[in-house]
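The values are calculated or read from the model by the stated rules, or taken from the named source; none is laboratory data. What you see is a predicted model; the values in this text were computed from it and never measured. When we count neighbours, we look across all protein chains shown, and the Cβ atoms used for this are built from the backbone with ideal geometry, even at glycine.
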Amino acid sequence: MSMDCAGCDRYACRAGRVDAAPETCPMWGDFPAFETLYDADVVRRLAYHAARVEADGYCRWTRVREVVEVSERMGYRRIGVGSCPDTRHEAELAAARLAEHGLEVVLPEPLEDCDPVGQASLFADRATDFNVIAGMCVGHDSLFMRHSAAPVTSLVVRDVRLRHNPAAALYLHTGYFKSALYGARSKDQVPFRGWDDALLDRLAREVRDAGAARDARPCRLEEVMDFARRAGVRRLGVVYCVGFREEARQLKAVLGTNGFRLSSVCCKTGAVPKERLGITDEEKVHPGRPEMMCNPVAQAELLERDEVELVLLLGQCVGHDSATMARLATPAVCLVAKDRVLGHNTVAALHDMREA
């Protein structure tokens, strides 16, 4: 059974009402147990502190501030900041922001070409506790996640067309971006033969170079689809935050029209009360109400069961994305990083000197 949270018309998981879920919902079946998914202390702590940061700074803290808060609460002191050469400026701004809060930042020397594996290796040698992506090409972020020894979160998602604000393409998918997202020329479908490092790197460079050669640079979503087509991917998976419900539906429309099959999983899947994670009522976003925890490990597990060929990360909280990435065996690419304050334009905080 394919996961289709993006097509669900109910809020059963968010409300904790498994009994109200559609008959096709996987929560009715052999759903992975909370105790099994979160048996590792570090994963449970990460889920707990990510939820606490969400509540404490809800709609007040930018994503860069949330990276700081998760780092401090998890005891992460040394932070690696990785990027591609053309987002070096954003990486330097991110490093400066993190350093302002007393975090020790490891920033690689300026690169002449993309080297995600080399950056991951450098961070491992420097024993970073947490690694932050500050703008990487589609596919190179996958390689970085695959080789990172420390948990990874996304801060800036590289989108040259939209000045690193990739969510805008979804909001304009029936307007200014209609022809780009729905009228693209289809390539001959190649067979999907699985992934390895060499393929990820080659396709990332092909997509990057093809985009640079165009008069109108492609947006991130165009690049993601180009990357998937070149790999022969037909089955995409999407993990998304419940706050991205509409964006997930917009993404489903775009991907479906372009011939991709989609499995999508909302963060509230499983309908697990936050109390199971050790969160008290006063520590919730809305005290006095039932709240379900974000379930990033279940999201990864369910997509692996669905045998998707590539995963797209759509707007998860800082830390929750880290838990999903760590659980996935399938390569993932970052599509949108969530920022509740800035309408998911995370890079804006790096250019705002008032940002604390």
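The C-beta contact set for the stretch 40-64 (first residue free of Cβ contacts under 8 Å to residues at least 12 places away in the same chain, second residue surrounded by 17 or more Cβ atoms within 10 Å (Cβ to Cβ) and not in a helix (DSSP H, G or I), distance under 9 angstrom, 6+ apart or interchain) comprises V42/P151. Of note, A180 satisfies the criterion of being in contact with a helix residue (DSSP H, G or I) (Cβ under 8 Å, 6 or more places away or on another chain), at pLDDT below 95 and in a helix (DSSP H, G or I).
Matching residues to (1) surrounded by fewer than 22 Cβ atoms within 10 Å (Cβ to Cβ); (2) basic (K, R); (3) under 19 Å from R45 (Cβ atoms):
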| position | (1), (2), (3) |
| --- | --- |
| Q316 | no, no, yes |
| S322 | no, no, yes |
| A337 | no, no, no |
| H351 | yes, no, no |
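Scanning the stretch 183-224 for residues that are among the small types (G, A, S), assigned to a loop (DSSP other than H, G, I, E, B), over 24 Å from R146 (Cα atoms) and modelled with pLDDT of 95 or more yields a single hit, A213. Residues that are in contact (Cβ under 8 Å) with a residue 60 or more places away in the chain and either out of contact with any Gly (no Cβ under 6 Å at 6 or more places or on another chain) or of a type in the set (K, R) (or both) within the stretch 190-221 comprise W195, D197, D201, R205, V207, R208, C219, R220, L221, listed in sequence order. Of the residues making up the stretch 22-39, just one is free of Cβ contacts under 8 Å to residues at least 12 places away in the same chain and surrounded by 13 or more Cβ atoms within 10 Å (Cβ to Cβ), namely W28.
Looking only at the stretch 87-120, residues that are buried (at least 16 other Cβ atoms within 10 Å of the Cβ), within 19 Å of L200 (Cα to Cα) and among the acidic types (D, E) come to 1 in all.
The residues in the stretch 306-352 that are of a type outside the set (A, V, I, L, M), under 14 Å from N165 (Cβ atoms) and modelled with pLDDT of 95 or more can be counted, and the count is 8.
Is there a residue being surrounded by fewer than 24 Cβ atoms within 10 Å (Cβ to Cβ), at pLDDT 95 or above, aliphatic (A, V, I, L, M) and touching a strand residue (DSSP E or B) at 6+ places or on another chain (Cβ under 6 Å) anywhere in the stretch 137-151? The answer is yes, given that some residue of the stretch 137-151 is surrounded by fewer than 24 Cβ atoms within 10 Å (Cβ to Cβ), at pLDDT 95 or above, aliphatic (A, V, I, L, M) and touching a strand residue (DSSP E or B) at 6+ places or on another chain (Cβ under 6 Å). Residue check: is D141 of a type outside the set (A, V, I, L, M) and more than 15 Å from the chain's Cα centre (by Cα)? So D141 does not fit the description; no. Taking every residue in the stretch 134-162 that is closer than 17 Å to L314 by Cα and pairing it with any residue that is surrounded by fewer than 23 Cβ atoms within 10 Å (Cβ to Cβ) and among the small types (G, A, S), at least 6 positions away or on another chain, the pairs with Cβ-Cβ distances below 6 Å are L162/A168.
Scan the stretch 55-68 for residues that are within 17 Å of P296 (Cβ to Cβ) and surrounded by fewer than 24 Cβ atoms within 10 Å (Cβ to Cβ) and the total you get is 1. Checked against the criteria, D129 counts as acidic (D, E) and within 20 Å of the chain's Cα centre (by Cα).
Taken over the stretch 121-135, the criterion of being closer than 23 Å to R202 by Cα and either among the small types (G, A, S) or in a loop (DSSP other than H, G, I, E, B) (or both) is satisfied by S121, A134, G135. Within the stretch 228-252, residues that are closer than 17 Å to T174 by Cα sit with their Cβ atoms under 8 Å from residues that are of a type in the set (V, I, T) and buried (at least 23 other Cβ atoms within 10 Å of the Cβ), at 6+ positions apart or across chains, in these pairs: E247/V336; A248/V238; L251/V238; K252/V238. Among the residues of the stretch 265-290, those that are over 21 Å from V42 (Cα atoms) and either of a type in the set (G, A, S) or touching a strand residue (DSSP E or B) at 6+ places or on another chain (Cβ under 7 Å) (or both) comprise V265, C266, A271, G288, P290.
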